[in-house]
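Worksheet: the structure to be examined is printed underneath.
Here, each number is a calculation from the coordinates, and none is a lab measurement. Keep in mind that what you see is a predicted model, and the values were worked out from it rather than measured. Cβ atoms come from the backbone with ideal geometry, glycine included; neighbour counts cover every protein chain shown.
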Amino acid sequence: MNNLDAERLYKTAGIEEALNDPQTAHLTISHDKVVSSRSLPGLEVIAKEIKDGVDIKIVLNEGIVIKNPVHMCFGMLKKEGIQRILLDIDIKRKAAISVLAHCIFPDAVKVQHIMDGKIKVGEGASYLYFEKHIHAETGGVEVYPKARVFLSDKARFKTEFELLKGRVGKIFIDYETTCLKESVMEMTARISGRGDDIINIKESGLLEGEGSRGVLTSRVAVRENARAEVFNKLIATAPYARGHVDCKEIVQDKATASAVPIVEVKNPKAHITHEAAIGSVDSKQLQTLMSRGLSEEEAVETIIKGLLS
């Protein structure tokens, strides 16, 4: 990877400033190469290059709190290829960290991005993860993010997945989280599809600890011939566990969408709710925006942006 390619990757992700900050940890991966990295005291980042990808081990030691968000950048500037990310994250007891991850595929014609993650958040620890995808307009990307998450007592895990720039291509999200006593899980996905994009979201949470809480939120917009399927599942087996599944999808043109919210309660003192809504843009909102001078197309875009924000 030459310097010009590296600069393009950094600029697209908007992380140039973070890379130059000695107080900000970062890791940049281009295809199967480690381009740059920086650790901090108490934070261990070990990245090993493998065929078509990188094997990454991240350990945050007990009681360590990382103030600045850690920046991760996974990119593929080639038009074709496979990028495989093996991710093992271990957040020790009472530690705290937040991560901003950018996945960038600006010229993709036939690219696969495969992420297989294992995440453990220790007692009283916190792990916040925001993943933003930037794709080509050709839709030549297939994304397969998979993670198994384990939350110890009073741990907190929050993840947000966003794919709003460029065509989706194909995406198959597969996340499972197990929550112990008084732990908190929040998983949110926001995706916009068009053309012949395929969106498949499968997220589940097991609330097996007393007083554990979980929320699964999906916001999806599909237009033209895109297809979306959302499968969210929450299971509560412990007393005072609380959960909510919330799925909203907007469908335009010849696109199709489905939502399968599943809730299971196996303890009389637990409580889970769910809400799912699929349809076109709200007519009252559309009329209100058009009365303020927006065209129908502009009004629809505004409503969709509001849903995905």
Taking a ≥ b ≥ c as the square roots of the eigenvalues of the Cα gyration tensor of the stretch 3-283, is the shape rounded (a/c under 1.5), prolate (a/b larger than b/c) or oblate? oblate
Run the dipole for the chain about the Cα centre, Lys and Arg Cβ at +1, Asp and Glu Cβ at -1, nothing else charged, and hand back the magnitude in debye, nearest 20. 500 debye
Out of residues 5 or more away from S258 or on other chains, whose amide H comes under 5 Å of its own, with H placed 1.01 Å from N in the peptide plane? A228, E229, V230
Would you mind pulling out the separation of the Cα centroids of the stretch 46-93 and the stretch 220-258, in Å? 28 Å
When only DSSP loop residues count, what trypsin sites (Lys or Arg not before Pro) in the stretch 1-101 have their Cβ near at most 12 other Cβ atoms within 10 Å? K51, K67
18 Å reach of a label modelled at D52, 7 Å along Cα-to-Cβ, counting backbone N of the stretch 117-142: 117, 140-142
Within straight cross-link reach of K181, meaning Cα distance under 23 Å, which lysines are found once same-chain residues fewer than 8 apart are removed? K92, K94, K118, K120, K154, K158, K233, K266, K269
Among 70-76, 270-276, 245-251, 158-164, what's the highest-first ranking by average C-beta atoms within 10 angstrom per residue? 70-76, 245-251, 158-164, 270-276
For the chain, what relative contact order do you get, as a whole percent, if you take Cα pairs closer than 8 Å and at least 6 residues apart? 9 percent
Could you pull out which residues in the stretch 87-107 have an amide N less than 17 Å from a spot 7 Å beyond the Cα of V34, following the Cα-Cβ vector? 87-90
For the stretch 1-104, which GluC sites (Glu not before Pro) are both in a DSSP coil and crowded by at most 15 other Cβ atoms within 10 Å? E62
Could I have the simple spin-label model distance between L128 and E16, label points 7 Å from Cα toward Cβ, reported in nm to one decimal? 2.7 nm
All aspartates and glutamates inside 13 Å of K284 as judged from Cα atoms, apart from same-chain residues fewer than 8 positions distant: E296
